[in-house]
Amino acid sequence: MAEPEKGGDFRSVALGAQDPASETNQDTKSKQAQEETNKPQDSEAHSSQLSIMRKFFVARPGAFDQAVEDLKNQLLSKEKEIVTSAWLLTEIDHWNNEKERVVLLTANNLFICKYDFIMLCCQQIQKVPLNFIDRICRGPFIFPEKSLDKRDGEGLRIHWDKLREANFLSRWNPMSSDLPYTTFINHPLNTFSEKFSAISQISVFNDQLVKAVQEAHKTNPVPGRANGALILNQPLLIETYVGFMSFIGNRNKLGYSLARGSVGF
């Protein structure tokens, strides 16, 4: 019997074992199968995100930029103010109702704007002087002991008149707008894209607000008032007990410019 040449390419394979090349091929096929399995899931998740984004009018191409440009022109012509940064946040009122807001910072003021992203027009602007802000609190939400209402996550509360506490009528009037504080949370779109993540997170907004307030207190202190603002980490109390209306409104996002079937509210 002829013997094989010593220079020949031979591999010894143990009985009952698989060829290493076969194992490699199987691993490759397994990875490909796993990737193909994940593709439909990734595609479905992406489609779901796009579907949610399309419902928000602010997510339409150019909508937020147009809003900021309109508001900048208004503030420049009426207040002689130049906007340094613009944010898309959700305001929480004292009855736990969510409201979509465009928030603008200038060197001297904080502007909280109710903007209609359907008609592309500003409906209301609230002006808060930065040197009047005396407390900036960040923390989780809490409710009275016997309250049925609840809210997860954390918020940012801005106080601008520690000498004036909200009276009984203001606290229990759902339409009241003379409370000496406001509360913000992340906008629902803050995790949907890098653009909205940069302008819709209270953590980023908080950092810029603190710097702007501290600078305003240095350059333009208010006579007769203590200079500087307290920066606190503490729970934020919302004094609601039933929360039926806020539950319905927030669940259906009535405070946002949202496409609802063939009608937008």
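When segment 83-94 is limited to residues that are assigned to a loop (DSSP other than H, G, I, E, B) and modelled with pLDDT of 95 or more, the one that is surrounded by the fewest Cβ atoms within 10 Å (Cβ to Cβ) turns out to be THR84. Would you confirm whether or not segment 215-227 contains a residue that is more than 16 Å from LEU89 (Cα to Cα) and under 20 Å from the mean Cα position of the chain (by Cα)? So far as segment 215-227 goes, no, none of its residues is more than 16 Å from LEU89 (Cα to Cα) and under 20 Å from the mean Cα position of the chain (by Cα). Looking at SER197, is it hydroxyl-bearing (Ser, Thr, Tyr) and either in a strand (DSSP E or B) or at pLDDT 90 or above (or both)? When the stated conditions are applied, SER197 passes them.
Quick check on ARG171: is it surrounded by 17 or more Cβ atoms within 10 Å (Cβ to Cβ) and out of contact with any Lys or Arg (no Cβ under 6 Å at 6 or more places or on another chain)?
So ARG171 does not fit the description; no.
For GLU165, the stated conditions do not hold, so it cannot be described as modelled with pLDDT of 90 or more and open to solvent by 50 Å² or more (accessible area, probe 1.4 Å).
Residues are listed down the side, and each one gets a yes or a no for (1) crowded, with 18+ Cβ neighbours inside 10 Å; (2) within 23 Å of ALA229 (Cα to Cα); (3) in contact with a His (Cβ under 8 Å, 6 or more places away or on another chain):
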position	(1), (2), (3)
ASN96	yes, no, no
VAL103	yes, yes, no
THR106	yes, yes, no
ILE112	yes, yes, no
ILE118	no, no, no
GLN124	no, no, no
PRO144	no, no, no
SER147	no, no, no
ASP152	no, no, no
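Among the residues of segment 226-265, those identified as touching a Leu at 6+ places or on another chain (Cβ under 8 Å), open to solvent by 50 Å² or more (accessible area, probe 1.4 Å) and farther than 30 Å from ALA63 by Cβ are TYR241, VAL242.
Look at segment 229-245: where a residue is of a type outside the set (A, V, I, L, M) and a partner is open to solvent by 100 Å² or more (accessible area, probe 1.4 Å), sitting 6+ places away or on another chain with Cβ atoms under 8 Å, you get TYR241/LYS146; TYR241/LEU148; GLY243/LEU148; GLY243/LYS150.
The values are calculated or read from the model by the stated rules, or taken from the named source; none is laboratory data. The structure displayed is predicted, hence computed values, not measured ones. FYI the Cβ positions are ideal-geometry reconstructions off the backbone, even for glycines, and counts take in every protein chain you see. These area figures cover heavy atoms from the full protein model, side chains too; ligands, DNA and RNA do not enter into them. Shrake-Rupley method; radii C 1.70, N 1.55, O 1.52, S 1.80 Å.
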